Amino acid sequence: MFVYSIIFWFTNCAPCLKEIPELNEIVNQYQSNSDVVFVAIALDEENVLKNFLSTVPFLYRIISNGRFVTQGYGIRSYPTNVVIDRESKIYFHSTGFAPNTTLYMRRAIQEIKNKPDQFLSHSKINQAYLAIKTSPYNFLLLF
């Protein structure tokens, strides 16, 4: 199950800067899991971000010039963190900095990861078909 962790932020936002080390820890925790995607939508222009990132590591995939995106979603407080699933269902949302933000982000990520995937792979479909075909019982398997 895909998980998207999105932060709306900017480089002169003190609360945003304060939570970057904790956000980097979450990225490191899931670095081997390609189903968890971390995106940072920054208000800053690319050259400002390059200078900033040369001194402050931020492991999210960063999108510069994100004002149009933040305006489109009505974001007015920073940082704003959102954790969503593949269907865009929101599992976590926060604005501003709080010491427990990353705790709840981790819980939301894990909740989505533990959710059964509703899209079956080709091999699972073949296994289900074989089980039905060889079964002495007639029944309908619904996905």
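The values are calculated or read from the model by the stated rules, or taken from the named source; none is laboratory data. Note that the structure is predicted; figures quoted are calculated from it, not measured. To get the accessible areas, we keep the full protein, side chains included, count just its heavy atoms, and leave off ligands, DNA and RNA. Shrake-Rupley method; radii C 1.70, N 1.55, O 1.52, S 1.80 Å.
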Phi-derived 3J(HN,Hα) across the range 8-19 with the Karplus relation (6.51, -1.76, 1.60, θ = phi - 60°), rounded Hz, x for Gly and Pro, is 9, 7, 7, 5, 9, 8, 4, x, 4, 5, 5, 8
In terms of the alpha carbon gyration tensor, root eigenvalues a ≥ b ≥ c, rounded if a/c is under 1.5 and otherwise prolate when a/b exceeds b/c or oblate, the range 1-108 is rounded
Once SER77, SER5 are ranked on solvent-accessible area with the largest value leading and a 1.4 Å probe, the list reads SER77, SER5
Largest-first ranking of ARG76, ARG86 by accessible area, probe 1.4 Å, whole protein assembly kept, is ARG76, ARG86
Sorting TYR30, TYR73, TYR4 on solvent-accessible surface, 1.4 Å probe, most exposed first, gives TYR73, TYR4, TYR30
Rounded to whole angstrom, the alpha-carbon centroid of the range 77-120 lies from that of the range 16-59 at a distance of 16 Å
